[in-house]
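Structure, as structure tokens:
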Amino acid sequence: MNAQILNGKEIAAELRTCVAKAVTYLNKQSVYPGLATILVGRDPASSVYVANKSRLAKELGIKSFQYDLEENITEKELIKLIDELNDNHEVDGILVQLPLPKHINTDIILDTIKPNKDVDGFHTINAGNLYLNRKAVIPCTPLGCLIMLRSLKVSLHGLRAVIIGRSNIVGKPMSQLLLKENCTVTVVHSYTKNIKEIVKESDIVVAALGIANYVKESWIKPGAIVIDVGINRIKENGKNKLVGDVEFDKIKNIASAITPVPGGVGPMTIACLLMNTVLQCSSNNNIELDNNNFKNFL
């Protein structure tokens, strides 16, 4: 069996096209979406990631407000900036790049962002609404994973899904999204016994733990769908290489569909961020996107 490769670049490009159309529609109503990104410190990977978000936002017509802050900024100063952005009517979405320096309380910072400007979906209110199956801003990476699963055009109802990793950013919200799709969901983590056996029984595997090639070929049920969220840098033949959390080259021979790394979930995360920004802009301005722009993605 040769798995279908879920090309995140292609799906993300389709989603960005829809975002651009939505921006044009809002502009005709004299409304201009704006996204503020906040980077604390000089982590190279985070810097590149934030720069890509800002660049793509501008390309789609979203106003970009980028704040690159020194690592020694105080928590109070960061809160002050977020409060100012909360009150700025040109800003519809606020993104604080994680992780933050240890001297800053991440929970306090994320809950300082107004829920209607929380395009990452990390605010307590949005997380609670997602848990209660109410209207919520959905975290970008889990939403991207779900869109990729839906792109397969197969019913997810009744499928057994396992999520490897229980983070607030991916694992927990992913479990809620799959429950909403009527999957039977198991979340495994570092204290789970018999992980291999649990994964082996699953029709959908979402790997999001951040350990290179952790999930082995022998763990995967033939025909399973594998979503690899991991992005890990390893040395191979003396060269740096990006790999996921699963053994892609081996698992692709037994899975029915699989995401590559790079080029899988990563592009979807940024595309979903831009979609969330536009959706919050339309909601904040009481404008309904009457062209069903995102009907194939939500």
- Query: What tally of residues in the stretch 180-201 results from selecting those that are open to solvent by less than 50 Å² (accessible area, probe 1.4 Å) and in a helix (DSSP H, G or I)?
  - Reply: 3
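Okay, residues lined up against (1) under 27 Å from residue 298 (Cα atoms); (2) touching a Gly at 6+ places or on another chain (Cβ under 9 Å); (3) aromatic (Phe, Trp, Tyr):
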residue: 6; (1), (2), (3): yes, yes, no
residue: 17; (1), (2), (3): yes, no, no
residue: 24; (1), (2), (3): yes, yes, no
residue: 28; (1), (2), (3): yes, no, no
residue: 34; (1), (2), (3): yes, yes, no
residue: 42; (1), (2), (3): no, no, no
residue: 45; (1), (2), (3): no, no, no
residue: 55; (1), (2), (3): yes, no, no
residue: 61; (1), (2), (3): yes, no, no
- Right, residue 270: under 19 Å from the mean Cα position of the chain (by Cα) and in contact (Cβ under 8 Å) with a residue 24 or more places away in the chain or not? yes
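What residue, of 134, 160, is closer than 29 Å to residue 4 by Cα and out of contact with any Cys (no Cβ under 6 Å at 6 or more places or on another chain)?
160
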- If you take just the strands (runs of 3 or more DSSP E) that sit entirely in the stretch 14-120, which of them hold at least 1 residues that are open to solvent by 20 Å² or more (accessible area, probe 1.4 Å) and touching a helix residue (DSSP H, G or I) at 6+ places or on another chain (Cβ under 9 Å)? 63-69
- Query: Does residue 218 qualify as being on the phi < 0 side of the Ramachandran plot, polar (S, T, N, Q) and assigned to a helix (DSSP H, G or I)?
  - Reply: yes
- Message: Condition (residue is of a type in the set (S, T, N, Q), open to solvent by 10 Å² or more (accessible area, probe 1.4 Å), out of contact with any Gly (no Cβ under 7 Å at 6 or more places or on another chain) and part of a loop (DSSP other than H, G, I, E, B)) applied to the stretch 239-248: is it met by at least one residue?
- Response: no
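Tell me, which residue of the stretch 273-289 that is in contact (Cβ under 8 Å) with a residue 12 or more places away in the chain and more than 17 Å from the chain's Cα centre (by Cα) is surrounded by the most Cβ atoms within 10 Å (Cβ to Cβ)?
Applying the filter and picking the extreme gives 281.
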- Message: If I go through the stretch 80-134 residue by residue, how many of them are at negative phi and within 20 Å of the chain's Cα centre (by Cα)?
- Response: 34
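Going by the conditions given, is residue 137 modelled with pLDDT of 95 or more, open to solvent by less than 50 Å² (accessible area, probe 1.4 Å) and farther than 20 Å from residue 260 by Cβ?
Values: modelled with pLDDT of 95 or more: yes; open to solvent by less than 50 Å² (accessible area, probe 1.4 Å): yes; farther than 20 Å from residue 260 by Cβ: yes.
Yes: the conditions hold for residue 137.
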- Looking at this structure, is residue 298 more than 30 Å from residue 23 (Cβ to Cβ), open to solvent by 30 Å² or more (accessible area, probe 1.4 Å) and not in a helix (DSSP H, G or I)? no
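The values are calculated or read from the model by the stated rules, or taken from the named source; none is laboratory data. These figures come from a predicted structure and were not determined experimentally. Quick reminder, even Gly has a Cβ in these numbers, built from the backbone with ideal geometry, and neighbours come from all protein chains shown. With ligands, DNA and RNA removed, areas are computed over all heavy atoms of the protein, side chains included. Shrake-Rupley method; radii C 1.70, N 1.55, O 1.52, S 1.80 Å.
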